[in-house]
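Every number here is computed from the coordinates shown, using simple stated rules; none is lab data. Bear in mind that the values here come from a model prediction, so they are computed numbers and not experimental data. All Cβ positions, glycine included, derive from the backbone under ideal geometry; neighbour counts span all protein chains shown.
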Amino acid sequence: MTPFSPLQYLLDKARKARDHAGQTLAGDRRSAAQTASQLDVLLQYRAEYATRLQDALHRGTDTVALDNYRRFIQSLDTAIEQARQALATQQGRVSASQQQWQHQQRTLSSYDTLISRRTRHAHQQAERQARRQDDELSAGLLARRRQDNATTD
């Protein structure tokens, strides 16, 4: 099979598409991991400030400081909810990217299988042709020997 056959072209194109899908998947996974990390940081901040609020309540802090703690915790809660939504969106992208990569990988495998079959078929045809030629040569030699034996007798 020539290196520039249509199947080879399709195989190369499928390989590039698979590689691009893999890069997209890797990027989406990095983004999801970064978003998850940001969510973890926000949750830690919230836990710390909730502890600080409890300490302030036990100490008997003034209402302005308590109100500031509550507003800050509410803003953290809002940020946490937004981070959760962003993470869910990112996880959806990761899932879609993974499905796209798998689809591209199956396509690539299909073309690779077709090329392997064609190559194997071409080798089998060449082997059959070589056997036929060998058989014809052997038959020709045998016929000449018989003819030579018949004329010498």
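Selection of segment 1-25 for residues being aliphatic (A, V, I, L, M) and either under 15 Å from residue 108 (Cβ atoms) or surrounded by 13 or more Cβ atoms within 10 Å (Cβ to Cβ) (or both) yields 7, 10, 11, 14, 17, 21, 25. Looking only at residues in segment 66-114 that are in contact (Cβ under 8 Å) with a residue 12 or more places away in the chain and among the basic types (Lys, Arg), the one that is surrounded by the fewest Cβ atoms within 10 Å (Cβ to Cβ) is 70. Whenever a residue of segment 3-30 is in contact (Cβ under 8 Å) with a residue 24 or more places away in the chain and farther than 15 Å from residue 97 by Cα, its partners that are aliphatic (A, V, I, L, M) and not in a helix (DSSP H, G or I), lying with C-beta atoms within less than 9 angstrom and at least six residues away or across chains, give the pairs 7/1; 8/1.
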